[in-house]
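J.: Pasting a structure below so you can have a look.
The values are calculated or read from the model by the stated rules, or taken from the named source; none is laboratory data. This one's a predicted model, so the numbers in the text were calculated from it and none came from an experiment. Counting neighbours? That spans all protein chains shown, and the Cβs are built from the backbone with ideal geometry, glycine included. For accessibility, only protein heavy atoms count, side chains too; no ligands or nucleic acids. Shrake-Rupley method; radii C 1.70, N 1.55, O 1.52, S 1.80 Å.
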Amino acid sequence: MEFTIEKGKLYMLQTRSGKRTAAAALKVAVDLVEEGLITKQEALLLVDPRQLDTLLHPTFEPNALKAATPIAKGLPASPGAATGHIYFTAEAAAEAAKAGQKVILVRQETSPEDIEGMYAAEGILTSRGGMTSHAAVVARGIGTCCVAGCADALISESAKNMIIGGKTYNEGDFISLDGSTGNIYGGELPTEEPTLTGDFATLMEWADEYRRLAIRTNADTPRDAQQALDFGAEGIGLCRTEHMFFEEDRIPAIREMIVARSEDERRKALAKLLPLQKSDFKAIYEVMGDRAVTIRLLDPPLHEFLPHTDSDIRALATDMGLTFEELKSTVDGLQEMNPMLGHRGLRLAITYPEIAEMQTRAIMEAAVEVRQEKGFNILPEIMIPLVGEVKELKFVKDVVVKTAEAVLEEKGVKIDYEVGTMIEVPRAALLADEIAKEAEFFSFGTNDLTQMTFGFSRDDASKFLDDYYEKQIFDSDPFARVDQKGVGKLMRMAVDLGKSTRPDIKLGICGEHGGDPSSIEFCHSIGLDYVSCSPYRVPIARLAAAQAQIKDDLGK
Ligand code: PEP
Ligand code: MG
């Protein structure tokens, strides 16, 4: 505070917020309440939710960071600091990590096949893709530092090197990444592990007293689900089932399903997947107990599951008893000019209803068995993605309901389940009153909704968005913060229309925006019931949701 006293009179000249670390901000807020100087509500408003990130992830040792100069900058896709030896394939990264090395996985972009290397890495660097690219989404989910879309890094996976500013970094060289700023450093920078103090737990408890929004998580594995519960999540808002298909024991069956030439062959492959998928769901239900679990039916285009290089196709063809030419023509036939607008989402279930049948059976059988074995009262919410037209939703919903009822009949039990949809195609928002007649819940898939509303590819927009910031057309990334004016208008419309035909419709969001404080405030204001975000953003969401309610209460 700056003040002056003139002729016995006190003048306040200006005030500014004192800069403080996240730990200090928490301590100040909690101490001020305990000393009776401010209310809990005021204390909750004193902490910036985004600051909590630094408490949950490693940071660079401050003096080392001060002395370091970044060699390049990418998108701050997943917070934290990481240092390690670079590797250019998931296999090499996983192997080096197994041998005890700290590893940074460097890829032009990642795909679901890279998951093992991503788990093994301290940090992930990509040269392509934005805030909702595969690397960014997965890294946030597993709490791993990630710098994405760094166009200045010329990455050659085949030559196993990367050139930044004219300097070549080879496999095994050290680099360091700051996923909170997007900065990349050459060499090794020491990191410090996070420490969670008692003040953190106190502030989180206070946040829970005030917030109206429920906080769920996006989790596809029991490990992520447990992490989210430890951070205070109250349910799963999105389980992306496709991520389960990339593990070694199931990829052969899913590939067999894709290359099947008849429904019969496809059903045979699906029968192999059923027990695996069921055991995945059981493991997740067991972690989640009585909490709601939203499971989404298969969403990505099928070619993502197939090999792409001739040598991989040849190897798979031998495994599957096919000729190289046969398999190659199947792979080529599945290529699309624009896969994000192609044969994906519920369109797959329209063509192949047996996929939705298998997944529904796995979801329901797992729920019945876990209920019988553990006594949990599980409420499966089966979510149908990428709907744009009520008749397509009805078609897939009929398959789901018929299968679910058949399972319950076979097992001779009755459990509740819900069938709902994602609002991620603008047409679904425009026709939400019709859609709501067939959907017990809506979950806003704002990654796709943003992509389709702006017409910006979520995987390529980072290449030109910098020009938009520089020319002051945008001041933030619409894939990170909800564009309230446009995308938000569609969301508000969908909420109102949905409630007009189904007043008790359950409403949530599971796009990446569900973990962004200003977007959470917006979700609160349009009356959603919950937000769902990656596990490491759950504490941020708890605080942001409390702040939204407190601002309402205090009329701010
Ligand atoms: C979305 O589109 O917002 C979403 C959650 O689905 P995905 O990111 O898997 O497309
Ligand atoms: Mg989507």
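J.: E440 is checked against (1) farther than 16 Å from L528 by Cβ; (2) modelled with pLDDT of 95 or more; (3) touching an Asp or Glu at 6+ places or on another chain (Cβ under 7 Å); (4) away from ligand 1 (no atom under 12 Å from the Cβ) and fails just one. What number does that condition carry?
T.: Every condition holds for E440 apart from (1).
J.: Moving on to the next point. From G455, G420, G445, which residue is surrounded by fewer than 20 Cβ atoms within 10 Å (Cβ to Cβ), within 30 Å of T351 (Cα to Cα), of a type outside the set (K, R) and within 16 Å of ligand 2 (Cβ to nearest atom)?
T.: None of the other options fit; the residue is G455.
J.: Follow-up question, since we're still on this one. With respect to P76, is the statement that it is within 23 Å of T132 (Cβ to Cβ), at pLDDT 95 or above and either open to solvent by less than 40 Å² (accessible area, probe 1.4 Å) or within 26 Å of the chain's Cα centre (by Cα) (or both) true?
T.: The answer is no for P76.
J.: Next question, about the same structure. With the requirement that a residue be in contact with a strand residue (DSSP E or B) (Cβ under 6 Å, 6 or more places away or on another chain) and not in a loop (DSSP other than H, G, I, E, B), what does region 121-138 give you?
T.: G123, I124, L125, T126, A135, A136
J.: Report the residue count in region 345-356 for those that are buried (at least 20 other Cβ atoms within 10 Å of the Cβ), within 16 Å of ligand 1 (Cβ to nearest atom) and in a helix (DSSP H, G or I).
T.: 3
J.: Now for a separate question. Which of the residues spanning region 473-489 are closer than 15 Å to D516 by Cα, open to solvent by less than 70 Å² (accessible area, probe 1.4 Å) and assigned to a loop (DSSP other than H, G, I, E, B)?
T.: S476, D477, P478, F479, A480, V482, D483
J.: Something else now. Which of the residues that make up region 370-399 are under 25 Å from the mean Cα position of the chain (by Cα) and of a type in the set (A, V, I, L, M)?
T.: Listed by number, the residues that qualify are I378, L379, I382, M383, I384, L386, V387, L393, V396.
J.: Of all the residues that make up region 234-274, how many are buried (at least 21 other Cβ atoms within 10 Å of the Cβ) and in a loop (DSSP other than H, G, I, E, B)?
T.: 1
J.: Of all residues in region 324-344 being within 29 Å of L393 (Cβ to Cβ) and open to solvent by 70 Å² or more (accessible area, probe 1.4 Å), which is nearest to the chain's Cα centre (by Cα)?
T.: Filtering first and then ranking leaves L341.
J.: Just to be sure, is R211 crowded, with 18+ Cβ neighbours inside 10 Å, of a type in the set (D, E, K, R) and closer than 30 Å to L346 by Cα?
T.: no
J.: Right, next: Determine, yes or no, whether G321 is within 30 Å of K278 (Cβ to Cβ), at pLDDT below 95 and open to solvent by 20 Å² or more (accessible area, probe 1.4 Å).
T.: Considered against the rule, which asks whether it is within 30 Å of K278 (Cβ to Cβ), at pLDDT below 95 and open to solvent by 20 Å² or more (accessible area, probe 1.4 Å), G321 comes out as yes.
J.: Also: May I ask you to list the residues in region 308-333 that are in contact with an Asp or Glu (Cβ under 9 Å, 6 or more places away or on another chain) and within 30 Å of F281 (Cα to Cα)?
T.: Within region 308-333, just M320 meets the criteria.
J.: With the condition kept exactly as written, say whether any residue in region 50-58 is in contact with a Pro (Cβ under 7 Å, 6 or more places away or on another chain), under 30 Å from S518 (Cβ atoms) and open to solvent by 60 Å² or more (accessible area, probe 1.4 Å).
T.: Yes: one or more hits.
J.: Determine which member of the set D173, D220, D224, D178 is surrounded by fewer than 20 Cβ atoms within 10 Å (Cβ to Cβ) and in contact with a Gly (Cβ under 9 Å, 6 or more places away or on another chain). I'd like the intermediate steps shown before the answer.
T.: Values: D220 fails: surrounded by fewer than 20 Cβ atoms within 10 Å (Cβ to Cβ); D224 fails: surrounded by fewer than 20 Cβ atoms within 10 Å (Cβ to Cβ); D178 fails: surrounded by fewer than 20 Cβ atoms within 10 Å (Cβ to Cβ).
Checking each option against the conditions leaves just D173.
J.: Would you check if there is a residue in region 40-48 being in a loop (DSSP other than H, G, I, E, B) and either open to solvent by 90 Å² or more (accessible area, probe 1.4 Å) or in contact with a strand residue (DSSP E or B) (Cβ under 6 Å, 6 or more places away or on another chain) (or both)?
T.: no
J.: Further, regarding this structure: For region 191-198, check the following and say yes or no: at least one residue is among the charged types (D, E, K, R), closer than 24 Å to T59 by Cβ, outside any helix (DSSP H, G or I) and modelled with pLDDT under 95.
T.: Taking region 191-198 and keeping what is among the charged types (D, E, K, R), we get 192-193.
Right, trim to closer than 24 Å to T59 by Cβ and you get 192-193.
Narrowing further to those that are outside any helix (DSSP H, G or I): 192-193.
The next check asks that each one be modelled with pLDDT under 95; those that pass are 192-193.
So far as region 191-198 goes, yes, one or more of its residues are among the charged types (D, E, K, R), closer than 24 Å to T59 by Cβ, outside any helix (DSSP H, G or I) and modelled with pLDDT under 95.
J.: Any residue in region 278-292 that is in contact with a strand residue (DSSP E or B) (Cβ under 8 Å, 6 or more places away or on another chain), within 16 Å of ligand 2 (Cβ to nearest atom) and either aliphatic (A, V, I, L, M) or in a helix (DSSP H, G or I) (or both)? Steps first, please.
T.: First, the residues of region 278-292 that are in contact with a strand residue (DSSP E or B) (Cβ under 8 Å, 6 or more places away or on another chain): 281, 284-285, 288, 291-292.
Filter once more, keeping what is within 16 Å of ligand 2 (Cβ to nearest atom): none.
No, there is no match, as no residue in region 278-292 is in contact with a strand residue (DSSP E or B) (Cβ under 8 Å, 6 or more places away or on another chain), within 16 Å of ligand 2 (Cβ to nearest atom) and either aliphatic (A, V, I, L, M) or in a helix (DSSP H, G or I) (or both).
J.: What's the total number of residues in region 98-119 that are at pLDDT 95 or above, open to solvent by 20 Å² or more (accessible area, probe 1.4 Å) and not in a loop (DSSP other than H, G, I, E, B)?
T.: Result for region 98-119: 1.
J.: Please work out if E369 is surrounded by 14 or more Cβ atoms within 10 Å (Cβ to Cβ) and in contact with a Lys or Arg (Cβ under 9 Å, 6 or more places away or on another chain).
T.: Yes.
J.: Limited to region 142-159, what total is found for residues that are part of a loop (DSSP other than H, G, I, E, B) and buried (at least 17 other Cβ atoms within 10 Å of the Cβ)?
T.: Result for region 142-159: 5.
J.: Tally the residues that are in contact with a helix residue (DSSP H, G or I) (Cβ under 7 Å, 6 or more places away or on another chain), open to solvent by less than 20 Å² (accessible area, probe 1.4 Å), within 14 Å of R216 (Cβ to Cβ) and part of a helix (DSSP H, G or I), restricting the search to region 518-543.
T.: Residues meeting the conditions: 6.
J.: Among the numbered criteria (1) hydrophobic (A, V, I, L, M, F, W, C); (2) closer than 20 Å to G515 by Cα; (3) free of Cβ contacts under 8 Å to residues at least 12 places away in the same chain, which one does M12 miss?
T.: (2)
J.: When residues of region 495-506 are filtered for being open to solvent by 50 Å² or more (accessible area, probe 1.4 Å) and part of a helix (DSSP H, G or I), how many remain?
T.: 4
J.: Please verify whether R492 is away from ligand 2 (no atom under 16 Å from the Cβ), open to solvent by 10 Å² or more (accessible area, probe 1.4 Å) and either modelled with pLDDT of 95 or more or in contact with a strand residue (DSSP E or B) (Cβ under 7 Å, 6 or more places away or on another chain) (or both), treating the condition exactly as stated.
T.: On the way: away from ligand 2 (no atom under 16 Å from the Cβ): yes; open to solvent by 10 Å² or more (accessible area, probe 1.4 Å): yes; either modelled with pLDDT of 95 or more or in contact with a strand residue (DSSP E or B) (Cβ under 7 Å, 6 or more places away or on another chain) (or both): yes.
When the stated conditions are applied, R492 passes them.
J.: I'm checking my understanding of the structure. Among residues of region 1-25 that are assigned to a loop (DSSP other than H, G, I, E, B) and over 44 Å from the mean Cα position of the chain (by Cα), which one is nearest to Q51 (Cα to Cα)?
T.: G8
J.: Oh, and also: Looking at I350, I378, I313, which is the one that is of a type in the set (A, V, I, L, M) and modelled with pLDDT of 95 or more?
T.: Testing whether each residue is of a type in the set (A, V, I, L, M) and modelled with pLDDT of 95 or more leaves just I350.
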